[in-house]
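The values are calculated or read from the model by the stated rules, or taken from the named source; none is laboratory data. Everything numeric in this text was worked out from a predicted model, so none of it was measured. Methodologically, a virtual Cβ is constructed for each residue, glycine included, from the backbone with ideal geometry; neighbour enumeration extends over all protein chains shown.
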Amino acid sequence: MGKLAVNELRSWFLRNVFEAAERQLGTAAVAGLRGRLPPRLAAHASLERLRSSTALDCVPLDEGEEILLSVDSFLGDGTGKLLESIGLDLAVRVLSQDGSVARSGDLAGTVARLQAFLEHPFVGVPLLFELRRNPTGFSLIVGLSGHSRATRAVRHLTIGAIIAAERFAREVGAENLKISAESTADRSSINARYLSGEQRQVAPEQAPPSRRPPVHRAPTASLSAEVERILRNSAPPRPIEEESQPPESMTVRVASVVPVRGPASKRKG
C-alpha cells in the first residue's frame with residue numbers, strides 16, 4: 001500500500017500571517033491570541049516559536065486552517081476582513097520584492113502571477129487556481145480539495161491579493177474595482193469587475209432639432225461626487241457575514257479593506 005499523503009501548512013506562512021497581524025493590530029493583541037486557543041493550537045500560535053522554525057517545518061493543515069480562521073475570529077470581526085487585509089499586506093511585499101510579478105495595465109495578468117504566492121504555503125494538497133478573463137474583468141476559482149475551512153481562508157487572502165495587484169497594475173483604479181465571491185464546500189468563485197459599458201467611449205446619438213427650450217441637467221461627474229459624499233456621511237455598510245452552510249455569497253468593496261502601509265504607492269480606495 002502506498003504511503004498516505006500528509007496535508008500540511010508551512011510554518012513560515014503562519015509566521016508571516018502573525019507578523020502581518022502584529023503590524024496592523026500591535027504586539028499585545030497577537031500575543032493575547034494564544035490564551036484564547038485550545039492547547040493543541042496554541043503551540044503553533046507562538047511568534048517566537050514560528051520565527052525559530054526552518055523553511056521545511058510544517059503544521060497539520062487541519063490545525064493550520066483553524067488557526068487562520070481563529071486569527072480572523074478573535075482578532076478581527078469574523079467576517080474575513082482581517083484575513084483580506086493580511087492577504088493585501090503579504091501580497092504587497094511579494095509584488096514589491098519581485099518587480100517581474102506585476103504587469104502594468106493588466107490586473108488579471110498580475111493576479112495570475114500571484115498563483116505561486118497563494119499555493120506555495122500548502123503541502124500535500126494542490127491549490128485549485130483557475131482564472132478566466134471576461135468582458136467585465138475576470139473570474140477566479142480557488143480551493144483546496146477536501147478542506148472547506150482552508151478554502152474559506154484562502155478566499156479571503158486571495159481577495160486581499162487581488163486588491164494589492166490592482167495597486168501595482170494600475171489598470172483602472174481601485175475605486176472602479178468591485179469584488180464578489182461565492183463559496184460552496186471546498187470551492188470559491190471570485191468575480192472581479194472593473195470594466196463596464198460606461199468606460200467604453202461611445203459617441204452619443206445626435207438629438208433631432210427641437211423648438212423646446214433645452215433642459216439643463218447636472219453633470220454626471222457632479223452627481224457621482226454627490227453620491228460619494230452621501231455614502232461617506234452615511235453609516236458604514238453592513239459587514240459580510242459567513243453563512244453556517246454553503247452556498248455563501250458576499251460582496252466586498254475595496255474601500256472597506258484596512259489600508260496597509262507598504263512600499264507600494266497609495267491609491268484611493
What are the pairs, 6+ residues apart or on separate chains, where a residue within segment 16-41 that is surrounded by 11 or more Cβ atoms within 10 Å (Cβ to Cβ) has its Cβ under 6 Å from a residue that is not in a helix (DSSP H, G or I) and not charged (D, E, K, R)? Leu33/Ala45; Arg34/Ala45; Leu37/Ala45
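Has segment 149-158 got at least one residue that is surrounded by fewer than 17 Cβ atoms within 10 Å (Cβ to Cβ), within 29 Å of Gly64 (Cβ to Cβ) and not acidic (Asp, Glu)?
Yes, the conditions are met somewhere in segment 149-158.
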Options Leu90, Leu82, Leu68: the member that is assigned to a helix (DSSP H, G or I) and either over 22 Å from Ser183 (Cα atoms) or modelled with pLDDT under 95 (or both): Leu90
Cβ-Cβ distance below 7 Å, separation of 6 or more or different chains: which pairs start in segment 142-166 with a residue that is in a helix (DSSP H, G or I) and end on one that is of a type in the set (Ser, Thr, Tyr)? Thr151/Ser183; Thr151/Ser188; Arg152/Ser183; Arg155/Ser183; Arg155/Ser188; Gly160/Ser85; Ala165/Thr110
Checking the structure you have, find out if any residue of segment 109-124 is buried (at least 18 other Cβ atoms within 10 Å of the Cβ), assigned to a strand (DSSP E or B), modelled with pLDDT of 95 or more and not β-branched (Val, Ile, Thr). yes
Condition check for Leu50: surrounded by 17 or more Cβ atoms within 10 Å (Cβ to Cβ), in contact with a Leu (Cβ under 8 Å, 6 or more places away or on another chain) and either at pLDDT 95 or above or among the polar types (S, T, N, Q) (or both): no
